[in-house]
1. Only four residue types carry charge here, +1 at the Cβ of Lys and Arg and -1 at the Cβ of Asp and Glu. Report the dipole size of region 100-228 about the Cα centre in Debye, rounded to the nearest 20.
2. In straight Cα distance, which lysines are under 21 Å from Lys195, not counting same-chain residues fewer than 8 positions off?
3. Per-residue ellipticity at 222 nm for the chain, helices alone: DSSP H runs ≥ 4 residues times -39500 (n - 2.57), over residue total, nearest 500 deg cm²/dmol?
4. What does the accessible area per residue of the chain come to in Å², with a 1.4 Å probe and no ligands, DNA or RNA counted?
5. What spacing in nm lies between the two simple spin-label points modelled at Lys14 and Leu81, each 7 Å away from Cα in the Cβ direction?
6. Could you run the Karplus curve 6.51 cos²θ - 1.76 cosθ + 1.60 with θ = phi - 60° over region 197-211 and give me ³J(HN,Hα) per residue in whole Hz, x for Gly and Pro?
7. So, in nm, how far is label Asn120 from label Ile158 when the simple model puts each one 7 Å beyond its Cα toward the Cβ?
8. Residue by residue through region 55-72, what is 3J(HN,Hα) from phi via Karplus (6.51 cos²θ - 1.76 cosθ + 1.60, θ = phi - 60°)? Round to whole Hz and write x for glycine and proline.
Amino acid sequence: MNYSVVIPAAGQGKRMQAGKNKQFIHLRNEPIIVHTLKAFVSDPWCDRIILVVNKEERKEMGELCSFLSDKKQIMIVNGGLERQQSVKCGIDAIDGEGIVLVHDGARPFINQEIIHLLVNDAAKSGAATVAVPVKDTVKRVKDYKVLETMKREELWSIQTPQAFDVELLKEAHEKAEAENKLGTDDASLIEWLGKTVSIVQGDYTNIKLTTPEDLLFAEAILTQKEKV
Ligand code: CTP
Ligand code: MG
(Lines give C-alpha, C1' and ligand atoms only; values in the text may rest on other atoms or scores of the structure.)
(Ligands and ions follow the chains in the order given, each with its own letter.)
Protein backbone atom coordinates (compact mmCIF):
# COMPACT_ATOMS: atom_id res chain seq x y z
CA MET A 1 0.00 0.00 0.00
CA ASN A 2 1.77 3.15 -1.20
CA TYR A 3 1.79 6.49 0.56
CA SER A 4 3.29 10.01 0.55
CA VAL A 5 4.88 11.46 3.67
CA VAL A 6 5.04 15.07 4.83
CA ILE A 7 7.92 15.66 7.26
CA PRO A 8 7.68 18.97 9.16
CA ALA A 9 11.20 20.15 10.06
CA ALA A 10 10.65 23.91 10.03
CA GLY A 11 10.62 24.50 13.80
CA GLN A 12 13.13 26.44 15.91
CA GLY A 13 13.92 23.73 18.45
CA LYS A 14 13.69 26.24 21.32
CA ARG A 15 13.18 23.65 24.07
CA MET A 16 16.33 21.80 22.95
CA GLN A 17 18.38 24.94 23.70
CA ALA A 18 20.99 24.05 21.08
CA GLY A 19 21.14 27.53 19.57
CA LYS A 20 20.02 26.11 16.23
CA ASN A 21 17.20 24.05 14.75
CA LYS A 22 17.49 20.65 16.50
CA GLN A 23 17.10 18.86 13.13
CA PHE A 24 20.79 19.62 12.51
CA ILE A 25 22.08 18.07 15.77
CA HIS A 26 24.23 15.04 15.02
CA LEU A 27 23.50 11.54 16.36
CA ARG A 28 26.23 9.05 15.43
CA ASN A 29 27.68 11.46 12.82
CA GLU A 30 24.42 12.22 11.05
CA PRO A 31 21.91 15.02 11.59
CA ILE A 32 18.64 13.97 13.24
CA ILE A 33 16.70 14.86 10.08
CA VAL A 34 18.85 12.50 8.00
CA HIS A 35 18.05 9.60 10.37
CA THR A 36 14.35 10.42 9.98
CA LEU A 37 14.51 10.72 6.18
CA LYS A 38 16.36 7.41 5.88
CA ALA A 39 13.45 5.54 7.50
CA PHE A 40 11.23 6.65 4.60
CA VAL A 41 13.82 6.52 1.82
CA SER A 42 14.34 2.83 2.64
CA ASP A 43 10.61 2.00 2.75
CA PRO A 44 9.40 0.54 -0.58
CA TRP A 45 5.82 1.65 0.22
CA CYS A 46 6.89 5.30 0.37
CA ASP A 47 6.30 6.98 -3.01
CA ARG A 48 7.08 10.57 -2.22
CA ILE A 49 8.72 12.57 0.57
CA ILE A 50 7.83 16.22 1.18
CA LEU A 51 10.24 17.88 3.58
CA VAL A 52 9.01 21.13 5.11
CA VAL A 53 11.82 23.52 6.06
CA ASN A 54 12.55 27.05 7.25
CA LYS A 55 13.10 29.34 4.27
CA GLU A 56 16.55 30.35 5.57
CA GLU A 57 17.59 26.71 6.00
CA ARG A 58 16.41 25.55 2.59
CA LYS A 59 19.87 25.41 1.02
CA GLU A 60 21.44 23.53 3.95
CA MET A 61 18.54 21.05 4.08
CA GLY A 62 18.78 20.56 0.31
CA GLU A 63 22.47 19.70 0.65
CA LEU A 64 21.75 17.21 3.44
CA CYS A 65 19.14 15.50 1.26
CA SER A 66 21.13 15.43 -1.95
CA PHE A 67 22.78 12.05 -1.28
CA LEU A 68 19.40 10.54 -0.38
CA SER A 69 17.64 12.00 -3.42
CA ASP A 70 19.35 9.52 -5.77
CA LYS A 71 17.22 6.82 -4.17
CA LYS A 72 13.92 8.64 -3.80
CA GLN A 73 12.58 12.05 -4.78
CA ILE A 74 12.52 14.48 -1.86
CA MET A 75 10.48 17.62 -2.50
CA ILE A 76 11.41 20.59 -0.29
CA VAL A 77 8.82 23.22 0.59
CA ASN A 78 8.90 26.24 2.90
CA GLY A 79 7.03 25.98 6.19
CA GLY A 80 5.12 28.42 8.41
CA LEU A 81 5.25 29.89 11.89
CA GLU A 82 3.37 27.03 13.60
CA ARG A 83 3.66 23.28 13.04
CA GLN A 84 0.09 23.14 11.73
CA GLN A 85 0.92 25.76 9.07
CA SER A 86 4.06 23.87 8.07
CA VAL A 87 2.08 20.65 7.61
CA LYS A 88 -0.47 22.54 5.51
CA CYS A 89 2.33 23.85 3.26
CA GLY A 90 3.40 20.20 2.83
CA ILE A 91 -0.01 18.75 2.03
CA ASP A 92 -0.79 21.62 -0.37
CA ALA A 93 2.09 20.26 -2.49
CA ILE A 94 0.29 16.91 -2.92
CA ASP A 95 -2.11 16.37 -5.78
CA GLY A 96 -4.25 13.32 -6.31
CA GLU A 97 -5.70 10.83 -3.85
CA GLY A 98 -4.33 8.21 -1.52
CA ILE A 99 -2.77 7.99 1.90
CA VAL A 100 -0.57 10.72 3.35
CA LEU A 101 1.53 10.36 6.47
CA VAL A 102 2.66 13.24 8.63
CA HIS A 103 5.79 12.50 10.62
CA ASP A 104 7.87 14.85 12.81
CA GLY A 105 11.40 15.44 11.55
CA ALA A 106 12.42 15.20 15.22
CA ARG A 107 11.35 11.52 15.60
CA PRO A 108 14.25 9.61 14.05
CA PHE A 109 13.52 6.13 15.49
CA ILE A 110 10.37 5.21 13.62
CA ASN A 111 10.47 1.74 12.07
CA GLN A 112 8.98 0.26 8.93
CA GLU A 113 6.87 -2.37 10.68
CA ILE A 114 4.88 0.28 12.56
CA ILE A 115 4.63 2.52 9.48
CA HIS A 116 3.04 -0.39 7.58
CA LEU A 117 0.57 -1.22 10.37
CA LEU A 118 -0.45 2.44 10.42
CA VAL A 119 -0.85 2.72 6.63
CA ASN A 120 -3.01 -0.40 6.52
CA ASP A 121 -5.20 0.95 9.30
CA ALA A 122 -5.63 4.37 7.61
CA ALA A 123 -6.52 2.71 4.30
CA LYS A 124 -9.57 1.28 6.10
CA SER A 125 -10.37 3.95 8.70
CA GLY A 126 -9.34 7.17 6.89
CA ALA A 127 -7.41 8.49 9.89
CA ALA A 128 -5.00 6.75 12.27
CA THR A 129 -2.18 7.62 14.63
CA VAL A 130 0.63 5.76 16.31
CA ALA A 131 0.45 5.94 20.12
CA VAL A 132 1.57 4.19 23.31
CA PRO A 133 -0.23 3.74 26.64
CA VAL A 134 0.93 6.27 29.24
CA LYS A 135 3.07 4.84 32.02
CA ASP A 136 2.71 7.60 34.59
CA THR A 137 -0.37 8.58 36.54
CA VAL A 138 -1.67 11.76 34.92
CA LYS A 139 -3.46 14.50 36.86
CA ARG A 140 -5.03 17.73 35.68
CA VAL A 141 -3.42 20.61 37.53
CA LYS A 142 -4.08 24.32 37.80
CA ASP A 143 -1.86 26.79 39.70
CA TYR A 144 0.11 23.84 41.16
CA LYS A 145 -3.06 22.31 42.68
CA VAL A 146 -4.52 19.01 41.55
CA LEU A 147 -7.95 19.27 39.93
CA GLU A 148 -8.45 15.60 39.12
CA THR A 149 -6.76 12.26 38.46
CA MET A 150 -7.34 10.85 35.00
CA LYS A 151 -8.15 7.17 34.39
CA ARG A 152 -4.82 5.82 33.25
CA GLU A 153 -6.27 2.96 31.22
CA GLU A 154 -7.90 5.53 28.95
CA LEU A 155 -4.77 7.62 28.35
CA TRP A 156 -2.36 7.22 25.44
CA SER A 157 0.65 9.30 24.44
CA ILE A 158 0.18 10.28 20.84
CA GLN A 159 3.17 10.08 18.52
CA THR A 160 3.71 10.45 14.81
CA PRO A 161 3.45 9.17 12.14
CA GLN A 162 -0.23 9.88 11.68
CA ALA A 163 -1.87 8.69 8.46
CA PHE A 164 -4.88 10.02 6.60
CA ASP A 165 -6.86 9.91 3.45
CA VAL A 166 -5.33 12.96 1.67
CA GLU A 167 -8.65 14.64 0.91
CA LEU A 168 -9.85 14.25 4.50
CA LEU A 169 -6.65 15.81 5.88
CA LYS A 170 -6.87 18.72 3.43
CA GLU A 171 -10.49 19.35 4.45
CA ALA A 172 -9.53 19.24 8.15
CA HIS A 173 -6.68 21.73 7.64
CA GLU A 174 -8.82 24.12 5.63
CA LYS A 175 -11.57 24.10 8.27
CA ALA A 176 -9.11 24.60 11.14
CA GLU A 177 -7.45 27.50 9.32
CA ALA A 178 -10.82 29.13 8.50
CA GLU A 179 -11.82 28.86 12.19
CA ASN A 180 -8.42 30.04 13.46
CA LYS A 181 -7.91 26.81 15.42
CA LEU A 182 -4.41 25.50 16.08
CA GLY A 183 -3.75 21.89 17.05
CA THR A 184 -0.50 20.33 18.25
CA ASP A 185 -1.08 17.31 16.01
CA ASP A 186 -3.03 16.56 12.82
CA ALA A 187 -5.35 14.01 14.40
CA SER A 188 -6.90 16.85 16.46
CA LEU A 189 -8.00 18.56 13.27
CA ILE A 190 -9.78 15.37 12.16
CA GLU A 191 -11.46 15.14 15.60
CA TRP A 192 -12.71 18.72 15.11
CA LEU A 193 -14.47 17.51 11.95
CA GLY A 194 -16.34 15.03 14.15
CA LYS A 195 -14.52 12.04 12.64
CA THR A 196 -12.94 9.13 14.49
CA VAL A 197 -9.18 8.61 14.60
CA SER A 198 -7.90 5.04 15.14
CA ILE A 199 -4.99 4.12 17.37
CA VAL A 200 -2.17 1.85 16.26
CA GLN A 201 0.02 0.78 19.16
CA GLY A 202 3.63 1.72 18.50
CA ASP A 203 6.68 1.50 20.71
CA TYR A 204 8.29 3.56 23.43
CA THR A 205 11.52 4.14 21.49
CA ASN A 206 9.75 6.35 18.93
CA ILE A 207 10.53 9.44 21.01
CA LYS A 208 10.42 13.03 19.82
CA LEU A 209 13.70 14.75 20.55
CA THR A 210 12.42 17.78 22.42
CA THR A 211 14.61 18.68 25.43
CA PRO A 212 18.37 18.19 25.99
CA GLU A 213 18.04 14.94 28.01
CA ASP A 214 16.25 13.33 25.06
CA LEU A 215 19.68 13.23 23.36
CA LEU A 216 20.88 10.87 26.14
CA PHE A 217 17.91 8.57 25.51
CA ALA A 218 18.62 8.80 21.77
CA GLU A 219 22.17 7.53 22.28
CA ALA A 220 20.85 4.60 24.33
CA ILE A 221 18.22 3.75 21.70
CA LEU A 222 20.86 3.81 18.93
CA THR A 223 23.15 1.55 20.96
CA GLN A 224 20.29 -0.92 21.43
CA LYS A 225 19.35 -0.80 17.71
CA GLU A 226 22.96 -1.46 16.70
CA LYS A 227 22.90 -4.69 18.73
CA VAL A 228 19.94 -6.19 16.85
N1 CTP B 1 7.74 22.20 13.07
C2 CTP B 1 7.56 22.78 11.81
N3 CTP B 1 7.17 24.09 11.71
C4 CTP B 1 6.95 24.82 12.80
C5 CTP B 1 7.10 24.25 14.09
C6 CTP B 1 7.49 22.92 14.19
O7 CTP B 1 7.78 22.12 10.79
N8 CTP B 1 6.60 26.10 12.65
C9 CTP B 1 8.22 20.80 13.17
C10 CTP B 1 9.51 20.66 13.97
O11 CTP B 1 10.63 20.97 13.15
C12 CTP B 1 9.45 19.24 14.47
C13 CTP B 1 7.94 18.96 14.57
O14 CTP B 1 7.28 20.01 13.87
O15 CTP B 1 10.04 18.31 13.58
C16 CTP B 1 7.47 18.84 16.01
O17 CTP B 1 7.60 20.10 16.65
P18 CTP B 1 8.47 20.38 17.96
O19 CTP B 1 8.99 19.14 18.57
O20 CTP B 1 7.69 21.33 18.80
O21 CTP B 1 9.77 21.13 17.35
P22 CTP B 1 10.16 22.65 17.43
O23 CTP B 1 8.95 23.49 17.22
O24 CTP B 1 11.31 22.84 16.51
O25 CTP B 1 10.68 22.77 18.92
P26 CTP B 1 10.24 23.85 20.05
O27 CTP B 1 8.74 23.77 20.16
O28 CTP B 1 10.96 23.40 21.28
O29 CTP B 1 10.73 25.20 19.55
MG1 MG C 1 7.29 23.40 18.61
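1. Values: 16 positive and 22 negative charges, 80 e Å.
Dipole size: approximately 380 debye.
2. Lys88, Lys124, Lys170, Lys175, Lys181
3. Values: 7 runs with 80 residues, N = 228.
Value at 222 nm, helices only: -10500 deg cm²/dmol.
4. Values: 12010 Å² over 228 residues.
Using a 1.4 Å probe on heavy atoms only, each residue of the chain averages 53 Å².
5. Placing both labels 7 Å beyond Cα along the Cβ direction yields 1.2 nm.
6. 10, 8, 10, 10, 6, x, 9, 6, 7, 7, 7, 9, 6, 10, 10
7. Those two pseudo-labels are separated by 2.4 nm.
8. So the J values, rounded to whole Hz, are 3, 6, 9, 4, 5, 4, 5, x, 5, 5, 7, 4, 6, 8, 5, 4, 8, 8.
The values are calculated or read from the model by the stated rules, or taken from the named source; none is laboratory data. Because the structure is predicted, anything quoted here is derived from the model rather than measured. Here the Cβ is made from the backbone with ideal geometry for all residues, glycine too, and neighbour counts use every protein chain on show. Quick note on the areas: whole protein, heavy atoms, side chains included, nothing else; ligands and nucleic acids left out. Shrake-Rupley method; radii C 1.70, N 1.55, O 1.52, S 1.80 Å.
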